[in-house]
Amino acid sequence: MRLGNIDKTTWIYLGIALALFIVPFILTGRSAQFIMIQIFIFAIFAMSYDLLLGYTGIISFGHVMFFGIGAYSTAIFMDRLDASIGALVLAVAVAVILAAIVSFIVGMLTLRLKSHFYAMLTLGLAGLFLVVAEKWRPLTGGFDGFTFRVPDLLSTSESLYTLSLISLILIFFGLRRFTNSPFGKVLMTIRENEERTESLGYNVLHYKVIASVVSGVVASFAGVLYMLSLRFVDTSVFATDITIDVLLMTIIGGVGTLVGPILGAGLVELAHHWLSGLSDVHWIFERWIILYGTVYILVVIFFPLGIVGTIRKKMAKRTAVQARSIKK
Amino acid sequence: MAILETNELSITFGGHVAVNTVSIQIPEKKFTSIIGPNGAGKTTFFNLLSGQLSPTGGSIYFKGSEITGLSAMERTRMGIGRSFQITNVFPNLTVLENVRVAVQSEAKVRYQMAAHFLHYKKFLDKAYEILEKVFLTDKAEMLAANLAHGEKRKLEIAMLLALDTEILLLDEPTAGMSLEEVPAIIAVLKQIKEQKDRTIVLIEHKMDMIMDMSDEVLVLYHGELLAKGTPQEIVENEAVQSAYLGGDFHGQST
Ligand SMILES: Nc1ncnc2c1ncn2[C@@H]1O[C@H](COP(=O)(O)OP(=O)(O)O)[C@@H](O)[C@H]1O
Ligand SMILES: [Mg+2]
């Protein structure tokens, strides 16, 4: 690839990415860096969710199960083998393969049916994983979970920051390529009109299942990173709250874009942090779900396209107006 | 030789027989028109041919082999393409993307995930070529949702052309277009006809257009095949005239 071929937006994204590498030198506090790491991880997770919701039009209520698969694979390998890079690589491989198998099976079972079947089966399976994690005490520590060590190389906040950021950048550009490929465009036509896509000669089921697998694999990787940052696992990594979180991140940021979920992850994570600080002030700030419900309703009413979607639409309108005035 | 053939094809919607034991042969590389009053079952008949609906009776043959049980996707891949009467484009994709996705399918570029679509310059070129044919070049970057009705109809036709199938089933391509826009579409159809390598089946109400272009005309009436013949034979056919209430089928525009 010649440098001249790279478009302007890519340069902007690369610029922002580089700037983010400098942040740890400015924000030296561990807790600030921790929040940034969480944002990066959930940005990855939310992008994977948007691949389903925004690009392909598939609704999942149990996306957290892939996150949890990544989380438990990492925790168990770190605990049972050793806290080495080798064990981590093995954990990633197992997480990715498991997530791929599960998302493939769920996809094949439900994606030829009406869309709510996928939503319901993922919800049910996520619940099943949660129960298994609770009951399989010898391996998972049950409800209480367990702590573990991570490879020395990744034990500092700075190194984890760097790893998460590099992962985010690679996955962002990878998914951007993917959604801009001939394949990715077909995902969008499926979102727009499934029957018409079929009548153009595309096997819609194949596309949806592949989208489901890519999304599941990316989500499981987010789960791996999450564990490296927490060094503690419990059954909450399978909780539906997390699915609702990423749903909110995606919708606030803007469905059908990749930048949207990243921004959404930033906003929601910051809000989490800020609101939990306020819980001393009033109990209502501990009740996420009330606040979430409110924010969610407001966003859907006032920004149905999310932040990025709304900006894009404004810009598209402006260019359309400009084009018209030039013609005159 | 017939490229497409139906044998006693029927479909019933909860007691209402929309297509009733219709047996026809569509001759290869010819221009066949289907006429009939609104509600006669023309669109439903197309839905059966293209696989959008499954018949409740009868069978369909393409080049002699039975395709009755095949999906719409399989039939498109075999070479039966169609356009829709009720515009059926992808609203939140640009006009160019709409056409490109159809070109891509024709070129069998289906599962390429790693290369940016801009690398497939020949598809873009082909898509632009087709947009030029239907006079949509200056709308290429517009979202399909923002097109005027007539322009959406043109895009619908462009997507069919992009599929480049042996058979083109066109369901009222000029319906709802402004009068100035119609000649462009007729020109496109004529051009395809003159290439003599495609089979065209056209549902239309505009009789002058049908008289001018058709090799053969089929008349559907209450789901049944009422008559078939050359345009001249059809105009003179008494059953057809009485079906249209005394020959009043010039200037039908709906
Ligand atoms: N999916 C459907 N379900 C029920 N009735 C239908 C359906 N599609 C068409 N019909 C009925 O079949 C008849 C033929 O419709 P159609 O094929 O659209 O007629 P035309 O295209 O000739 O105007 C109409 O009475 C219509 O109401
Ligand atoms: Mg019709």
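Could you tell me which numbered condition B:D138 fails, if it satisfies all but one of (1) away from ligand 1 (no atom under 16 Å from the Cβ); (2) buried (at least 20 other Cβ atoms within 10 Å of the Cβ); (3) in a helix (DSSP H, G or I)?
(2)
Go through A:L170, A:L200, A:L153, A:L163 for me and flag whichever is surrounded by 19 or more Cβ atoms within 10 Å (Cβ to Cβ) and either farther than 30 Å from A:M227 by Cα or more than 10 Å from chain B (Cβ to nearest Cβ) (or both).
Selected residue: A:L200, the only one of A:L170, A:L200, A:L153, A:L163 that is surrounded by 19 or more Cβ atoms within 10 Å (Cβ to Cβ) and either farther than 30 Å from A:M227 by Cα or more than 10 Å from chain B (Cβ to nearest Cβ) (or both).
Could you count how many residues in segment B:115-174 are among the aromatic types (F, W, Y) and within 14 Å of B:I185 (Cα to Cα)?
Number of matching residues: 1.
Spot the failing condition for A:G174; the list is (1) in contact (Cβ under 8 Å) with a residue 12 or more places away in the chain; (2) under 30 Å from A:L18 (Cα atoms), and only one is missed.
The number of the failed condition is (1).
So, in segment B:165-188, of the ones that are in contact (Cβ under 8 Å) with a residue 60 or more places away in the chain and more than 16 Å from ligand 1 (Cβ to nearest atom), which residue ends up surrounded by the most Cβ atoms within 10 Å (Cβ to Cβ)?
B:L168
Take the residues in segment B:11-26 that are more than 8 Å from ligand 1 (Cβ to nearest atom) and free of Cβ contacts under 8 Å to residues at least 60 places away in the same chain, then tell me which one is nearest to the other protein chains (Cβ to nearest Cβ).
Here the residue is B:I11.
Within segment B:86-98, work out how many residues are part of a loop (DSSP other than H, G, I, E, B) and facing chain A (nearest Cβ under 8 Å).
Residues flagged as part of a loop (DSSP other than H, G, I, E, B) and facing chain A (nearest Cβ under 8 Å) within segment B:86-98 amount to 6.
Just the residues that are among the aliphatic types (A, V, I, L, M) and touching a Phe, Trp or Tyr at 6+ places or on another chain (Cβ under 8 Å), please, taken from segment B:101-123.
Within segment B:101-123, B:V101, B:V103, B:A107, B:V109, B:M113, B:A114 meet the criteria.
Any idea which residue in segment B:27-60 is farthest from the other protein chains (Cβ to nearest Cβ), counting only those that are within 13 Å of ligand 2 (Cβ to nearest atom) and assigned to a strand (DSSP E or B)?
Checked segment B:27-60; the qualifying residue farthest from the other protein chains (Cβ to nearest Cβ) is B:I35.
Which pairs have Cβ atoms under 9 Å, sit 6 or more apart or on different chains, and link a residue in segment B:43-60 that is touching a residue at least 24 places away in the same chain (Cβ under 8 Å) and under 17 Å from B:N7 (Cβ atoms) to one that is hydroxyl-bearing (S, T, Y) and near ligand 1 (Cβ under 8 Å from one of its atoms)?
Listed pairs, sorted by first residue: B:L53/B:T44.
Of all residues in segment B:99-126 being more than 8 Å from chain A (Cβ to nearest Cβ) and under 19 Å from the mean Cα position of the chain (by Cα), which is surrounded by the fewest Cβ atoms within 10 Å (Cβ to Cβ)?
B:V103
Every number in this text was worked out from the coordinates using simple rules, so none of it is lab data. Just so it is clear, the model here is predicted, and its values are computed rather than measured. Heads up, the Cβs are rebuilt from the backbone with ideal geometry, glycines too, and the neighbour counts pull from every protein chain shown.
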